[in-house]
Amino acid sequence: MYIRLEKPNYRFGDDMMNSIERKIIADGVAFNNIKVNRFKTIRMSINLYVPLNVEDAAHNALLRGLLTRSCKAYPDFTQFSKKLSALYGTDIVSSVKKTGAYQVLTFTAVGIDDRYVFTDEIISAEISKLLCEVIFNPNITDGKFNDNDFEQERRQLLDAIDAEFNDKRGYAISTMLSNMLKNETCGIKRYGSVEEIKKITPESLVDAWKKLLKDSVVEIFYIGDSGADKAEKVFTDAYSKIDRTPCKVDMSYVKSADEVQRVVEEMDVSQSKLVLGFRSGVGCTDTEKEWIAGRLMCAVLGGTANSKLFNNVREKQSLCYYCAASYNFINGLMIVDSGVLNENIEKTEKAILKEVEDMKNGNITDFEIEATKRAIVNGFRTSNDTTAGIDNWYSSQFINDGFNSIEELAAKYNAVTKEEIVEAAKKLTLDTVYVLKNK
């Protein structure tokens, strides 16, 4: 199934004091105005979705950091910082992640709302223009990026990748996924590979920038009380000058595992790691009702303080230091990870699989279901406490037919039955067991 991020123009309000108006302002570009009047700041995020592949992912990961260092109008970091300070301390940052077969580059600006400016200056428009300068007019001279800025940003990116090795829990999960998804596009790392990063040149990065502007599908979110119309015009004018051919990405996924692969790695660690990768049988190409039941099933298993893994494997049997489950419905995956002593690795794996089998057999109490629903819904509601949380709430729904408000999605989770949770559990198949063993 191919998914284009092109929900139609529409608007709605919810009972959590937010309303959203969506407009398609260019081919493959949507501007989402989220009206919120309880913050003194505005937040703009520009999310660029591109197909995930090793070479382009490496270029884009390096590019997103380089773009936020300077631009043509402010060609060095000092001048750029002075401009941000002049805009009442506006902050512009960037990030890169992957979602299914997409790599997502996000450029975010946070600044003061127009209501609180003491002059007639329209800060929302000025911040939008600066964001457009960053994205559309980077500091390129003679067909290449500045050599010094390029080398500094590449070194920082490589250092950040090296630092991931020090987080052994994250490293274990990442390594398990690399083995589990080695033949799938979604298994490519968000930054491509270290080898590809080292091949990049200031000239090749210019070509990557041009490709990004042309091929990306774009979701712009504006969160605040005033100035959205001014920002919308700035972005509309900017994208009207770009020749666009928005990408399409195959979002299909593997539904089940035929056999279990086992990977053991030895290392000097204080605590061994056990990571189990499951195929959930439900992904983003399936119905919303199915993946909601899958996510709730995963949370009952190991997503809250009332979960089966926490209470039974960690607390009652004392087999591990931690044991938790996470669910990725876009890729159709469920991951269970734990920190264990060497002598408890096999016992912990058996205990985890027993809890999964119990769920498949319907051994779930009403308390476990209700407590999990309350925890999930409470988590939903806390996302409304900050502009960053609101931004994440709506931007994370990029493949939905429309946006769910917090109360709408809460109602859908609360409507899930025990039988639907059991059916979701029955679809689980174990794919990969990874052990990072203390040698």
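The values are calculated or read from the model by the stated rules, or taken from the named source; none is laboratory data. What you are looking at is a predicted structure, and each value in this text was computed from that prediction instead of being measured. Cβ: placed from backbone, ideal geometry, glycine included. Neighbour counts: every protein chain shown. Each accessible area value is taken on the protein alone, full model and side chains, heavy atoms only, with ligands, DNA and RNA left out. Shrake-Rupley method; radii C 1.70, N 1.55, O 1.52, S 1.80 Å.
At 7 Å along the Cα-to-beta-carbon direction for both residue 358 and residue 317, put a label point, then send me their distance in nm to one decimal.
The two pseudo-label positions are separated by 0.9 nm.
Leaving out ligands, DNA and RNA, what percent of the accessible area of the range 300-351 is carbon and sulfur, probe 1.4 Å? Don't skip to the end; give the middle numbers.
Details: 1000 of 2090 Å².
The C+S portion of the solvent-accessible surface of the range 300-351 is 48 percent.
Using protein chains only and a probe of 1.4 angstrom, how many square angstrom of residue 352 are accessible, to the nearest 10?
Approximately 0 Å² of residue 352 is accessible to the 1.4 Å probe.
Only helical DSSP H runs with n ≥ 4 go in: add -39500 (n - 2.57) per run for the chain, normalise by residue count and round the 222 nm mean residue ellipticity to 500 deg cm²/dmol.
When only DSSP H runs of four or more count, the value is -12500 deg cm²/dmol.
From the gyration tensor of the Cα coordinates in the chain, what semi-axes in whole Å does the equivalent ellipsoid have, largest first, with each one equal to sqrt(5λ)? Walk me through the numbers before you get to the answer.
Details: eigenvalues 310, 148, 76 Å².
Sorted largest first and rounded, they come to 39, 27, 19 Å.
With a/c under 1.5 counting as rounded, go ahead and sort the range 10-128 into rounded, prolate or oblate using the C-alpha gyration tensor (a ≥ b ≥ c being the square roots of the eigenvalues; past the cut-off, prolate if a/b is larger than b/c, else oblate).
oblate
Keeping every protein chain present and rolling a 1.4 Å probe, give me the accessible area per residue for the chain in Å².
Accessible surface, normalised per residue, equals 44 Å².
To the nearest Å, what is the center-to-center distance of the range 93-113 and the range 290-340, using C-alpha atoms only?
28 Å
Charges only on Cβ, +1 for Lys and Arg, -1 for Asp and Glu: so what's the dipole of the chain about the Cα centre, in debye to the nearest 20?
With only Lys, Arg, Asp and Glu charged at Cβ, the dipole is about 160 debye.
Please identify the GluC sites (Glu not before Pro) of the range 218-301 that satisfy two criteria: DSSP loop assignment and at most 15 other Cβ atoms within 10 Å. Which are they?
Loop-located and lightly packed - 259.
If you stretched the chain out fully between residue 392 and residue 414, how much longer would it get, using 0.36 nm times the residue separation minus the C-alpha to C-alpha distance?
Using 0.36 nm per residue and subtracting the Cα-Cα distance, I get 5.8 nm.
Tell me the Kirkwood hydrodynamic radius of the range 214-329 in angstroms, computed as one over the mean inverse distance between distinct C-alpha pairs.
Kirkwood hydrodynamic radius for the range 214-329: 19.2 Å.
Express in nm, to one decimal, how much length is gained between residue 174 and residue 255 on full extension, taking 0.36 nm for each residue of separation and deducting their alpha carbon distance.
27.1 nm
Which of 74, 135, 156 sits farthest toward the positive end of the charge dipole of the chain, with +1 on the Cβ of Lys and Arg and -1 on the Cβ of Asp and Glu?
Of 74, 135, 156, it is 156.
For the range 35-75, what is the per residue volume of the convex hull drawn over the alpha-carbon atoms, in cubic angstrom?
Cα-based convex hull of the range 35-75, divided per residue, equals 130 Å³.
Average projected area of the Cα convex hull of the range 160-267, in nm²? Please report the intermediate quantities before stating the final value.
Details: hull surface 46.6 nm².
Mean projected area of the Cα convex hull: 11.6 nm².
Determine Rg/Rh for the range 322-376; Rg is computed over alpha-carbon atoms and Rh is the Kirkwood hydrodynamic estimate from the same atoms.
Here Rg/Rh amounts to 1.02.
How much length is gained on full extension from residue 407 to residue 270, taking 0.36 nm per residue of separation minus their Cα-Cα distance?
Gain on extension, residue 407 to residue 270, equals 45.0 nm.
Can you pull the percent of the range 104-171's accessible area that's carbon plus sulfur, 1.4 Å probe, other chains left in place?
On the way: 1570 of 3300 Å².
The value for the range 104-171 is 48 percent carbon and sulfur by accessible area.
Taking a threshold of 28 Å on the Cα-Cα distance, which of the pairs 198/233; 233/289; 144/241; 72/97 fall above it?
198/233; 233/289, as the Cα separations exceed 28 Å there.
Report the one residue of 220, 277, 202 whose Cα lies farthest in the direction of the positive end of the charge dipole of the range 175-290 (charges on C-beta: Lys and Arg +1, Asp and Glu -1; origin at the Cα centre).
202
Taking the square root of 5 times each eigenvalue of the Cα gyration tensor, what semi-axes in Å does the equivalent ellipsoid of the range 86-149 have, largest first?
27, 19, 9
Dipole of the chain (Lys/Arg Cβ +1, Asp/Glu Cβ -1, origin at the Cα centre): which of 428, 119, 52 lies farthest to the positive side?
Working it through, the farthest residue towards the positive pole turns out to be 428.
To the nearest 20 debye, what charge dipole does the range 356-439 have about its Cα centre, counting +1 at the Cβ of each Lys and Arg and -1 at the Cβ of each Asp and Glu?
My answer is approximately 400 debye.
For the range 150-193, what are the per-bin percents of Cα-Cα distances with bins 5 Å wide, up to the bin holding the maximum?
In whole percents, the pair-distance histogram is 5, 20, 24, 23, 15, 9, 3.
Compute the distance in nm between two label points, each set 7 Å from the Cα along the Cα-to-Cβ direction, one at residue 198 and one at residue 119.
A separation of 5.0 nm, rounded to one decimal place.
Number of Lys pairs in the range 370-439 with C-alpha atoms less than 23 angstrom apart, excluding same-chain neighbours closer than eight positions? Please report the intermediate quantities before stating the final value.
Numbers: 373/412; 373/418; 373/426; 373/427; 412/426; 412/427; 418/426; 418/427.
Close lysine pairs under the 23 Å cut-off: 8.
Equivalent ellipsoid semi-axes for the range 113-224, as square roots of 5 times the alpha carbon gyration tensor eigenvalues: give them largest first, rounded to whole Å.
33, 21, 16
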